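First comes the structure, then the notes that go with it.
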């Protein structure tokens, strides 16, 4: 347990930051799942639309350093390949 006032405050702040970061990570995972679901459904137009909105979510979370920029790029690349490989 934190003993000084400064350490207690940092512990409180860390708890709030952890909760905020967890919600952003959840948002990221939901965006990725939405693209995967659209690809599995087989509707290429819908998949492209969902991919486009998911890309901005992935980028914004990488900008906030919740995930590394290379991880964001990897997710976008794999989702894009999945959408492109769909039959027209």
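State whether one or more residues within region 64-72 are touching a residue at least 12 places away in the same chain (Cβ under 8 Å), part of a helix (DSSP H, G or I), surrounded by 11 or more Cβ atoms within 10 Å (Cβ to Cβ) and within 10 Å of the chain's Cα centre (by Cα). Scanning region 64-72, I find at least one residue that is touching a residue at least 12 places away in the same chain (Cβ under 8 Å), part of a helix (DSSP H, G or I), surrounded by 11 or more Cβ atoms within 10 Å (Cβ to Cβ) and within 10 Å of the chain's Cα centre (by Cα), so the answer is yes. Figure legend. Inter-residue proximity from region 22-44: first residues at positive phi and in contact (Cβ under 8 Å) with a residue 40 or more places away in the chain, second residues exposed (fewer than 11 other Cβ atoms within 10 Å of the Cβ) and not in a helix (DSSP H, G or I), beta-carbon distance below 9 Å, spacing 6+ or different chains. Indicated pairs: 42/87. Here region 74-86 is the region considered, the condition is being in contact with a helix residue (DSSP H, G or I) (Cβ under 8 Å, 6 or more places away or on another chain) and in a helix (DSSP H, G or I), and the residue that is surrounded by the fewest Cβ atoms within 10 Å (Cβ to Cβ) is 80. Assigned to a helix (DSSP H, G or I) and in contact with a helix residue (DSSP H, G or I) (Cβ under 7 Å, 6 or more places away or on another chain): is that true of residue 54 in this structure? Yes. Within region 7-40, the residues that satisfy the criterion of being within 16 Å of residue 81 (Cα to Cα) and surrounded by fewer than 14 Cβ atoms within 10 Å (Cβ to Cβ) are 33, 37, 40.
Only the coordinates and a few stated rules stand behind these numbers; no lab work does. None of the values given here were measured: they were computed from a predicted structure. Don't worry about glycine lacking a Cβ; one is built from the backbone with ideal geometry, like all the others, and counts go over all protein chains shown.
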